[in-house]
1. Consider all pairwise Cα distances in the chain and report the whole-number % of them above 29 Å.
2. Calculate the FRET efficiency for ARG61 and ARG29 from the Cβ-Cβ distance with a Förster distance of 30 Å, rounded to the nearest 0.05.
3. With viscosity set to 1.306 mPa s and temperature to 10 °C, compute the Stokes-Einstein D of region 7-60, Rh being the Kirkwood radius across alpha carbon pairs; µm²/s, no decimals.
4. To make sure I understand the rule: partners must be aspartates and glutamates, Cα under 19 Å from the Cα of LYS43, and not fewer than 8 residues away in the same chain. Which ones qualify?
5. Let's test the formula: R0 of 30 Å, r as the Cβ-Cβ distance of PHE155 and GLN113. What FRET efficiency results, to the nearest 0.05?
6. Dipole magnitude of region 67-196 about its Cα centre, charges +1 at Lys/Arg Cβ and -1 at Asp/Glu Cβ only, in debye to the nearest 20?
7. For the chain, what is the calculated [θ] at 222 nm in deg cm²/dmol (nearest 500), taking -39500 (n - 2.57) for each run of four or more DSSP H residues and dividing by its residue count?
8. State, to one decimal in nm, how far the label point of GLN47 lies from the label point of GLU176, with both points 7 Å from Cα in the Cβ direction.
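A short reminder: the numbers here are calculations on the coordinates, not readings from a lab. These numbers come from a predicted model, not from an experiment. Glycine also receives a Cβ, built like all others from the backbone with ideal geometry; neighbour counts cover every protein chain displayed.
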Amino acid sequence: MERKLKPIEVQLKLTEKGVRLFSPEEFRRIFSVTLRAAQEFIKDHTQDLFVKLRNGLYTLRTDLPGELEIANRLYRPSYISFEYALHHYHMIPEAVYAVTSATPRVTADFVVQGKSYEYSRRKRKAYRGYELVKRGGAGVLIATPEKALADYLYFVDLKLKSLNERLNLRTINPKEVLRYGRAFARRSLIELMRNVL
C-alpha cells in the first residue's frame, strides 16, 4: 500500500535536500512513491504548496529559485548568454528584461511568474564556452564574457540583432572571441568580430 504524503513533511524534506526545482519523476524518486502518486500529489498541492513553472517543472512556493536557476532548468540543455550575459558582465549599459539563453534545441520563449525567458538555437559545434558559477546558493551555467559576445555577434551577423554601439570591451580577450567565432564557420562573422574588437 502506498504511503500517504503530508504537505508539511514534503516541504521540509525538499528544503532539507535543497531541491528547489523538480519534475514529477524527481519527486517520485525523492519520496519513493509511484509516478502516478507523485503527479497526483503535485497536482493536488499546486495552489498551496507548489508553483508550476511549466508542464513538468515545479518549485516550492516558499523557496522560489532565482531567475538564472529557472532559466537553466526551464529548457535544457541551455546556458545564459547574449544580452543578459553581456549586461551581467557590464559590457552593455542597458537594462535587460528577458533572460536570454543559448540552446542546441529549437528556439523557444516562455513567460514564468511575469519574467520572459528566451532560448535561441546554437549549432551543436558552437554550443560551448560556458561555465558553472554559484548564484544564490545554486549552480548556474553562464557563457564566459567572450562567448556571450561571440553568441551576440553571431546574431548581429545574421541581421537578427543590431549592433549595440556602446559595447564595453575593455576586459575582453579578442583571441578568445575569435576562437569561439570560428566554431560558427561564417567568414562574415569573423570579419565583423575583427571590426568590433
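1. Details: 6525 of 19306 pairs.
Every Cα pair in the chain considered, those over 29 Å come to 34 percent.
2. Details: r = 21 Å, r/R0 = 0.71.
Here the calculated transfer efficiency is 0.90.
3. Numbers: Rh = 10.9 Å.
Roughly 146 µm²/s, to the nearest whole number.
4. LYS43 reaches GLU2, GLU9, GLU25, GLU26, ASP63.
5. On the way: r = 26 Å, r/R0 = 0.88.
Step by step, r from the Cβ atoms, then E = 0.70.
6. Dipole of region 67-196, to the nearest 20 debye: 640 debye.
7. Details: 8 runs with 76 residues, N = 197.
About -11000 deg cm²/dmol.
8. 5.0
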